[in-house]
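The values are calculated or read from the model by the stated rules, or taken from the named source; none is laboratory data. No experiment lies behind these values; they were computed from the predicted model shown. All Cβ positions, even for glycine, are placed from backbone atoms using ideal geometry, and neighbour counts span all protein chains on display. Surface accessibility is based on the protein's heavy atoms, side chains included, excluding ligands, DNA and RNA. Shrake-Rupley method; radii C 1.70, N 1.55, O 1.52, S 1.80 Å.
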Amino acid sequence: MISVRDLSYAFKIGKKEKENVIPVLHHVDLHVAEGEIVAIIGRSGSGKSTLLNLISGYIKSQTGDIVINGKQVSKLSESKWAEFRLEHLGFIFQSFQLIPSMTAYENVELPLVLKGVSEKDRKDQTLRMLKRVGLDQYQSHYPGELSGGQQQRVSIARALILNPPLILADEPTGSLDSENERELLNFIKELNEKDGITFLIITHDHEVASIAHRKVEIRDGYLREGSMLYEVQR
Amino acid sequence: MKFKDKHRFVKSNMKRNKTRVWMTILASTMGCAFLIMLASVGFAIHKTAIDDVMSYRLMNEIEIQKENGPLVEKDVKNLEKIKNVKAVSRKKYVPASEMSLGEYTVYAEVNSANIPSERKAGLQLEKGRMPKSKNEVIIGHHFAQELRKEMPENFTEGMSEEEAQKKMKELAYDRDLLNQTLTYHMKVDQPESKTDAEIKTVQVKVVGIKEKPKKEWMIDSSVLITDDLRDEIMPLLSEMDPELKNNDDSYSSVKVYTSSAEDVKAVSEKIKDKGYLTYSVVSELKELNIYFTLFKAGLIFIGGIAVLIASIGIFNTMTMAVTERSQDIGIMKAIGATPKTIKRIFLLESGYIGLWGVGLGTLLAYLISYGVNFALPIIVEQFMNEKPPEDFILSYIPWSLTAIAVTICMSVTLLSGWRPAAKATTVDVLKALRRDV
């Protein structure tokens, strides 16, 4: 599903030609199989978010290759990356990243709108998805009118609406209380088991990492493989 | 992303900043209205000038003169041979103007003409028919009102102009002149002519009355007689003034009429090649059009400055919109919105602002134009005690001006929205997600 080979990344800070180069990732190799839940753990500043941002295409890789779903994505243009993201990836963010001026319904519907799905189909799919995350009663609520847990469920509904095979989650429970956290983790497990969705989760929370089949630790930009907990079921 | 969804998206964004958007639309409206109004003054002056020229002459009419001497029958035959010449109207002046009907008398401009040529040239009658025999004549539309009883001495003394005109009207012939017989007095107009000679008369029948001139202030009291009648009366007149014998064959006016206005240029060239002097309304209009096109272009340029100022407002509004929505843009990009989609959304927004501005501006300009044209003559009459000319307009907005203004305004609007829209595509996803923008 994901294959990262010899990926290095360094931030350049300061003016051109006088910039400071701060290496973040060093020759990272990572392979995530289809149907896996992989947790990338590490301390703050270890480079785990940078790795996820590179895999998401939010920052452009400098060296190394990233292949997702058999597609070499590290050399894609911004437009092609955007199209690829819309088609193949779902995102769950720590701070939900919902558009405040849009209702829960509109936020969930957004990927369908961007993809150009007809209004009728959009309505069916969006309402079904809201029902699935238990928010069909809140469809016309704005994010500001929802609790943290509800906002995260809207965010998950948005991530799932186009049925992506892979979901990238950045500290998904970071803004949730323990009850909502438990609910979310159960939901992720359910999605993985029932729908076969692959998850790559960035976290420093051991509770979250506990649902992963495999844990990968990043320390000072170097990747260290943890114990294999899962065997890919064919 | 479908256009309908972009429209919905833009609509909801515009609703969120109603006041700012409406202020920007107002600025565009003012700019557009100013551009149209300013240029409409140029268009109005151009129209008035053209209407003025056209009211005297026809588009397919070419006046002919000869450098050395008057035009004669040979010249007319020569002109008639030219390709695309529809008719050659030739008139000979008859230097006797007095006509009477009972106690009513008029001094009219009398010309003889070749009636078939006049008919081909487009002479239109209000009633009656063309002359068929020698003593039949056609009179101008206002002939009857000039045919008056003799005015007593000091008749209008002490009267205001209005009263005098009213009194004069009472003296005018007030019945239909068609089929009436007039007495044509063979008296040469020049004062030095022999006044003691016996004045002979000829009876002429009115068989046709010419159409009313297009301009209301034009008075046509002329008389058109046949060439045969002229040939009969000229010897009588020459007895009084022997000088007239010398010019008997010459035409006082020769005009060539082409099949269409497009032929005027080519026919004029051919006539010039034959050694004649020509003058046509087309050549006058060409000069006039060049001058006024430059004048109008200048006004549109000045008006364009107002549109440019309004466009700064649009630029500002759109830049603020992009800045305010950077986080939303970032989220959309993070999900999978392409830069092209983002750019189109913002271009659509500035386009809508421009469209509203252009629509309202054009409407406002039409209203002001109508109001100015309606009110200005009243104001001039009230405060300056002068009546402006009947067809006077200060502002004229043809479709071409509307099209020019809409094109300029929309282009400027889209250009001013282009940079903010391009800026929107460069919003950094990570910064936006971190709320760092």
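Here are a few things to note about the model shown:
- Dipole magnitude of the range B:91-248 about its Cα centre (Cβ charges: Lys, Arg +1; Asp, Glu -1), debye to nearest 20: 920
- As a ratio to 2.2 N^0.38 Å, the alpha-carbon radius of gyration computed for the protein assembly as shown takes the value 1.73.
- Trypsin sites (Lys or Arg not before Pro) within the range B:209-251, DSSP loop, no more than 16 other Cβ atoms inside 10 Å: B:Lys214, B:Lys215
- Accessible solvent surface per residue of the range B:91-248, calculated while the other protein chains remain in place, 1.4 angstrom probe, Å²: 58
- Per residue of peptide B:324-335, the mean number of Cβ atoms on other chains within 10 Å of the residue Cβ is 5.
- Binned Cα-Cα distances of the range B:176-326, short to long, each 5 Å bin given as a whole percent: 2, 6, 8, 9, 9, 10, 10, 9, 7, 5, 4, 4, 3, 3, 3, 2, 2, 2, 1, 1, 0
- Residues considered: B:Val264, B:Val202, B:Val358. Largest GNM mean-square fluctuation over chain B, using C-alpha springs under 10 Å, is found at B:Val202.
- Along its three principal directions, the equivalent ellipsoid of chain B from the Cα gyration tensor extends over semi-axes of 70, 27, 16 Å, largest first.
- Cα extents of the range B:289-437 along the three principal axes, largest first (Å): 73, 33, 19
- For the range A:1-77, a simple Cβ point-charge model (Lys and Arg +1, Asp and Glu -1, everything else neutral) yields a dipole of about 420 debye relative to the Cα centre.
- Span-rule helices in chain B, defined as complete DSSP H runs reaching 30 Å or more along the axis (Cα) with Kyte mean at least 0.0: B:18-56, B:281-324, B:339-384, B:399-425
- Efficiency of FRET from Cβ geometry, B:Lys274 and B:Phe383, R₀ 56 Å, rounded to 0.05: 0.50
- Remark on the range B:74-184: Rg and Dmax equal 18.3, 60 Å (Cα only).
- Computed over protein heavy atoms with a 1.4 angstrom probe, the accessible surface ordering of B:Met14, B:Met30, B:Met218, largest first, is B:Met30, B:Met218, B:Met14.
- Relative contact order for chain A, counting Cα pairs under 8 Å that sit 6 or more residues apart, in percent: 30
- Only Cα pairs under 8 Å and 6+ residues apart enter the sum, and on that basis the relative contact order of the range B:91-248 stands at 37 percent.
- Where Rh is the Kirkwood radius over Cα pairs, Rg/Rh for the range A:98-234: 1.00
- Protein accessible area in the protein assembly as shown, 1.4 Å probe - carbon and sulfur %: 53
- For the pair B:Leu58 and B:Lys214 in one chain, pulling the backbone fully straight at 0.36 nm per residue adds 55.0 nm over the alpha carbon distance.
- Computed with every protein chain present, the accessible area of B:Asp231 is close to 90 Å² [probe 1.4 Å].
- FRET efficiency estimate (nearest 0.05) - Cβ-Cβ, B:Phe301 to A:Glu78, R0 51 angstrom: 0.80
- Springs between Cα atoms under 10 Å define the GNM used for chain B, and in it the highest mean-square fluctuation of B:Thr181, B:Thr105, B:Thr19 occurs at B:Thr19.
- Residue-level accessible surface for B:Trp217, protein heavy atoms, 1.4 Å, Å²: 130
- The smallest convex shape that holds all Cα atoms of the range B:340-390, its convex hull, gives 76 Å³ per residue.
- Square roots of 5 times each gyration tensor eigenvalue, C-alpha, chain A, largest first, Å: 29, 21, 18
- Simple Cβ-charge dipole of the protein assembly as shown, Lys/Arg +1 and Asp/Glu -1, about Cα centre, in debye nearest 20: 3200
- Packing here is the average count of other Cβ atoms within 10 Å per residue, and on that basis the peptides B:298-307, A:114-123, highest first, run B:298-307, A:114-123.
- Taking the Kirkwood radius as Rh and the Cα radius of gyration as Rg, the range B:286-354 has a ratio of Rg/Rh equal to 1.31.
- Applying a DSSP loop filter and a limit of 12 other Cβ atoms within 10 Å to the trypsin sites (Lys or Arg not before Pro) in the range A:1-44 leaves A:Lys15, A:Lys16, A:Lys18, A:Arg43.
- Where Rh is the Kirkwood radius over Cα pairs, Rg/Rh for the range B:14-90: 1.50
- Cα-based Rg and Dmax for the range A:45-103, where Dmax is the largest Cα-Cα distance (Å): 13.0, 40
- Estimated distance in nm for a label pair at B:Asp391 and A:Arg224, the labels positioned 7 Å out from Cα along Cα-to-Cβ: 9.7
- Sorting the Cα pairs of the range B:1-139 by distance into bins of 5 Å, from 0 upward, gives 2, 6, 9, 11, 11, 10, 7, 6, 5, 4, 4, 4, 5, 5, 5, 4, 2, 0 percent per bin.
- Along the axis of the charge dipole computed for the range B:63-102 (Cβ charges of +1 for Lys and Arg, -1 for Asp and Glu, origin at the Cα centre), the listed residues B:Leu71, B:Ala87, B:Ser100 are led at the positive end by B:Ala87.
- When the charge dipole of the range B:91-248 is built from unit charges on Cβ atoms (+1 for Lys and Arg, -1 for Asp and Glu) and taken about the Cα centre, the candidate among B:Pro152, B:Ile225, B:Pro131 whose Cα reaches farthest toward its positive end is B:Pro131.
- Label-to-label distance, B:Asn289 versus A:Lys115, with points set 7 angstrom from Cα along the beta-carbon direction: 5.9 nm.
- Shielding of peptide B:2-15 by partners, expressed as the average count of other chain Cβ atoms within 10 Å per residue Cβ, is 2.
- Length added when fully stretched, B:Asp428-B:Ser250, from 0.36 nm per residue minus Cα-Cα: 55.1 nm
- Sequence-distant contacts, meaning Cα pairs under 8 Å at least 6 residues apart, place the relative contact order of chain B at 30 percent.
- Radius 10 Å from Cβ of A:Ser56, net charge of other residues (Lys, Arg +1; Asp, Glu -1): 0
- Expected 222 nm ellipticity per residue - DSSP helices of 4 or more, -39500 (n - 2.57), all of chain A, to 500: -10500 deg cm²/dmol
- FRET efficiency, 1/(1 + (r/R0)^6) with R0 45 Å, evaluated for B:Thr319 and A:His27 via beta carbons: 0.55
- The value obtained for the range B:91-248, namely the Cα convex hull volume divided by the number of residues, is 130 Å³ per residue.
- For the peptide B:427-434, the mean number of other protein chain Cβ atoms found within 10 angstrom of a residue's Cβ is 3.
- Interface residues, the range A:101-148 - accessible area loss of 10 Å² or more versus chain alone, probe 1.4 Å: A:Ser101, A:Met102, A:Glu106, A:Glu109, A:Leu110, A:Pro111, A:Val113, A:Leu114, A:Gly116, A:Ser118, A:Glu119, A:Arg122
- Taking 0.36 nm per residue of sequence separation and removing the Cα-Cα distance, the B:Leu415/B:Glu126 pair yields an extension gain of 98.3 nm.
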